[in-house]
Amino acid sequence: MQIVPSRVKLPWRQVAAEPADIEKLAAAERSRPFDFEKTPAIRFLLIELPYARWHLVITAHHIVIDGWSLPVFAAEMIALYGAGGDLEALPVKPRPYRDYIGWLAGRDRSASERVWREHLAGLPGPTLLAASMATEAPRTGLPRRTELRTDRQTTARLSDGARSRGITVNTLMQMAWALVLSRLTDRDDVVFGVTVSGRPAELSGVETMIGLFINTVPLRVRLDANAEVGAQCVALQRNAATLRDHSYLSHAQLRAIGGVGEMFDTLLVYENFPTSGLADGGELTAGGVTFRPAGLESVTHFPVALAAHLDDGQLVMFVEVLHGALGDTTGETLGRRVLAAAERLLSSWEHPLREVSVLFDEENRPLRAAGTAPVRPAAGFHARFAAVARAGPDQEALIWACGSMSYGELDATANRLAAVLIGRGVEPESPVAVRLSRGPQYVVALLAVLKSGAVCVPLEPGTPPERVESILRQTGATIVIDEDMVASVDSEASDQAVDFRPVDVDPSQAGYVVFTSGTTGEPKGVIGTHAALGAYADDHIDTVLRPAAARLRRRLRIAHAWSFAFDAAWQPLVALLDGHTVHVVDERTQRDAESLVQAIAEHRIDMIDTTPSMFAQLRAFGLLASVPLTVLALGGEAVVPPTWNMIRDACARSGWRPTTATVPPKPPSRQ
């Protein structure tokens, strides 16, 4: 509800300053919020400058004025100034805002709600760019603003190209942003905010009215990688036109219809409101005073906002980003990516959308070169890990609830423990049991066993004593890495670690032994070799990890929630051979679906391996809905059709296979 009092006291302030002070004063005005318990939501600051010059800063909330109102507002204000405040000087008596309120009251809201329900039906979840890219919670305050301009030749190419294909530049920019957003969030069903003028054509004189007409509504774009670019652009324009007549519903109403909470955290604005006089960059004279435009800035609450308009034959784009919302990506990079995508959409009009890249040419070249790289030489798991650690010792390797460990730290810590093992008589292919609580030290222990040339025999905490005894008896393991051994490493390894060199292994050598339940009730061991584990790692890196990392343009954060005594425990760990970060989930979180979803959200996890039955529980607590995920890997059980049908907006893969094989099935997968 908006209350419009009949009389108000105009918030007017006048100060004397130097030209160098203008920006600071204007920024202070922008940063000061309005008190809605006091009227009005507009204020004026007149800055007196030397040499009979003045600078007027007008700060207004959208609730009282929108972009379409600005040319009318400026023209009327200057006309009144020239006439000494005489209202009769206005060329046309403006139509009162109450007429628009009356028009709103006459709308068929139920019909409009049906249109929006159809548009948002089956929406799998919100499209949250900041949640996908931010490395920290975006800070509040004023965003950083970046301006980009295309040259006249490029602008003409975009404008003429869009017009000749039957779409507007607005539609072209919407499709370009949808494509970039899709690739950045790894979703083919995206939602973002767009603005509509909200001025009904059937309300005569609406173009001269001043007030809040503009509205922000969700635009949903379902991208089909195999469909032609042109067909999807035309469909987008047609869909947007259908929604336009129903775009007066409030944000709260649209959010309720969407059914997934906040549907988007990005805004795209294409400004095409009529301009004249000051708003068109010109100048006006009234009462012996010449008025020139000094600038126009708007601020939204969205972490990322893009605003584009045509200006004197150039396409201008402003990108506003809250600090931290895009991680290491700058607003300039994001804007350039959108503009490049717009050009490629036009040049690929009759091609499938999958052929349109959002990468820059300089980014594509190393990816093409990587596709012709030689076959990786066979090497032990630990040797490959050590090479990654040498290449990026400061990169984050492991994280857990209360800490982290770099690749260099993980490698050095595993070396110290491996030196202790060798000092205690461990030889190549000696079985070494690991019996630790869940945490980073378990990963350290597995690496240390491999570095010593021995074979890992992982045990699960809480395993019944009779099962532990059976496993130790069958493997012949006499050395068990437990909490006491880990605690004594620093003192015991001081001498051996100085000259320690990891043991070279033959790829056919055993790397680990995991135990199944067995058909007779007696645990049965299954051996995994370094060669088999390496082959699995190569496939997993090439088909899952690197494509996902390329889409996100950064290293992945991968949750480890498997039992370490299960063969699937190695699936998240192979990410350490490609420089990604593994989050070791603690035991309590691992077993509680709600806590695990909270951890995925808090640590911005990109990928998790889990069972289909556990996925159903995770989904009930918001996974893939309010909590996005880039890759979902399912294993441990068969993936049945109803499970596939629950998956939206994530690359999902089935890794179910017998424990006796490290070869994952290629199909099925789902994007």
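The values are calculated or read from the model by the stated rules, or taken from the named source; none is laboratory data. As the structure is a prediction and not an experimental result, all values here were calculated from the model. Counting neighbours? That spans all protein chains shown, and the Cβs are built from the backbone with ideal geometry, glycine included.
All conditions but one from (1) crowded, with 18+ Cβ neighbours inside 10 Å; (2) touching a Pro at 6+ places or on another chain (Cβ under 9 Å); (3) of a type outside the set (Gly, Ala, Ser) apply to Trp103; the one that does not is (1). Just one of the numbered conditions (1) under 15 Å from Asp484 (Cα atoms); (2) surrounded by 20 or more Cβ atoms within 10 Å (Cβ to Cβ) is not true of Ala448: (1).
Table: residues versus (1) over 25 Å from His309 (Cα atoms); (2) touching a Ser or Thr at 6+ places or on another chain (Cβ under 7 Å); (3) part of a loop (DSSP other than H, G, I, E, B).
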site: Phe44; (1), (2), (3): yes, no, no
site: Tyr51; (1), (2), (3): yes, no, yes
site: Leu56; (1), (2), (3): no, no, no
site: Ile63; (1), (2), (3): no, no, yes
site: Ala74; (1), (2), (3): no, no, no
site: Ala79; (1), (2), (3): yes, no, no
site: Glu88; (1), (2), (3): yes, no, no
site: Lys93; (1), (2), (3): yes, no, yes
site: Tyr100; (1), (2), (3): yes, no, no
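What are the pairs with Cβ atoms under 6 angstrom where one residue, in segment 102-121, is touching a residue at least 24 places away in the same chain (Cβ under 8 Å) and the other, located anywhere, is assigned to a helix (DSSP H, G or I) and not hydrophobic (A, V, I, L, M, F, W, C)? Sequence gap at least six, or different chains. What qualifies is Leu120/Gly258. Which of the residues belonging to segment 597-622 are in contact with a strand residue (DSSP E or B) (Cβ under 8 Å, 6 or more places away or on another chain) and under 19 Å from Val639 (Cβ atoms)? Selection gives Met607, Ile608, Asp609, Thr610, Thr611, Pro612, Phe615, Leu618.
For Pro393, state whether it is within 26 Å of Gln571 (Cβ to Cβ), modelled with pLDDT of 90 or more, within 30 Å of the chain's Cα centre (by Cα) and not assigned by TED's automatic domain parsing to the domain that holds Leu577.
Numbers: within 26 Å of Gln571 (Cβ to Cβ): yes; modelled with pLDDT of 90 or more: yes; within 30 Å of the chain's Cα centre (by Cα): yes; not assigned by TED's automatic domain parsing to the domain that holds Leu577: yes.
Yes; evaluated as a whole, the condition is true for this residue.
Taken together, Ala633, Ala625 contain a single residue that is surrounded by 18 or more Cβ atoms within 10 Å (Cβ to Cβ) and in a loop (DSSP other than H, G, I, E, B), which is Ala625. Within segment 604-622, the set of residues being basic (Lys, Arg) and either without any contact (Cβ under 8 Å) to a residue 60 or more places away in the chain or in a helix (DSSP H, G or I) (or both) comprises Arg619 only.
Consider Arg424 against the criteria (1) at pLDDT 95 or above; (2) farther than 30 Å from Leu179 by Cα; (3) out of contact with any helix residue (DSSP H, G or I) (no Cβ under 7 Å at 6 or more places or on another chain): it satisfies all of them except one. Which criterion is unmet? Status for Arg424: all satisfied but (1). Taking residues in segment 557-570 that are in the same structural domain as Pro547 (by TED's automatic domain parsing) and within 30 Å of Met133 (Cβ to Cβ), and partners anywhere that are surrounded by fewer than 24 Cβ atoms within 10 Å (Cβ to Cβ) and among the small types (Gly, Ala, Ser), the pairs with Cβ atoms closer than 6 Å and at least 6 places apart or on different chains are Trp562/Ala568; Trp562/Ala569; Ala568/Gly635. Look at (1) outside any loop (DSSP other than H, G, I, E, B); (2) under 21 Å from Thr543 (Cβ atoms) and you find that Ala601 fails only one, number (2). Checking each residue in segment 600-617 for being surrounded by fewer than 22 Cβ atoms within 10 Å (Cβ to Cβ) and either among the hydrophobic types (A, V, I, L, M, F, W, C) or out of contact with any helix residue (DSSP H, G or I) (no Cβ under 8 Å at 6 or more places or on another chain) (or both) picks out Ala601, Glu602, His603, Thr611, Ser613, Met614, Ala616. Which is modelled with pLDDT of 90 or more and either hydroxyl-bearing (Ser, Thr, Tyr) or farther than 28 Å from Ser404 by Cα (or both), of Ala477, Ala433, Ala448? Testing whether each residue is modelled with pLDDT of 90 or more and either hydroxyl-bearing (Ser, Thr, Tyr) or farther than 28 Å from Ser404 by Cα (or both) leaves just Ala477. Restricting to segment 489-533, and then to whatever is touching a helix residue (DSSP H, G or I) at 6+ places or on another chain (Cβ under 8 Å) and among the hydroxyl-bearing types (Ser, Thr, Tyr), can you tell me which residue is modelled with the highest pLDDT? Looking at the filtered set, the residue picked out is Tyr512.
Okay, residues lined up against (1) modelled with pLDDT under 85; (2) in the same structural domain as Ala252 (by TED's automatic domain parsing); (3) more than 30 Å from Leu249 (Cβ to Cβ):
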{"position": "Leu25", "(1), (2), (3)": "no, no, yes"}
{"position": "Ala28", "(1), (2), (3)": "no, no, yes"}
{"position": "Pro33", "(1), (2), (3)": "no, no, no"}
{"position": "Lys38", "(1), (2), (3)": "yes, no, no"}
{"position": "Ala41", "(1), (2), (3)": "no, no, no"}
{"position": "Pro50", "(1), (2), (3)": "no, no, yes"}
{"position": "Val57", "(1), (2), (3)": "no, no, yes"}
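Filtering segment 237-260 to residues that are farther than 23 Å from Pro124 by Cβ, assigned to a helix (DSSP H, G or I) and in contact (Cβ under 8 Å) with a residue 12 or more places away in the chain leaves Gln237, Arg244.
All conditions but one from (1) closer than 20 Å to Glu396 by Cβ; (2) free of Cβ contacts under 8 Å to residues at least 40 places away in the same chain; (3) of a type in the set (S, T, N, Q) apply to Thr589; the one that does not is (2). Flag set for Ala537, criterion: assigned to a helix (DSSP H, G or I) and surrounded by 20 or more Cβ atoms within 10 Å (Cβ to Cβ).
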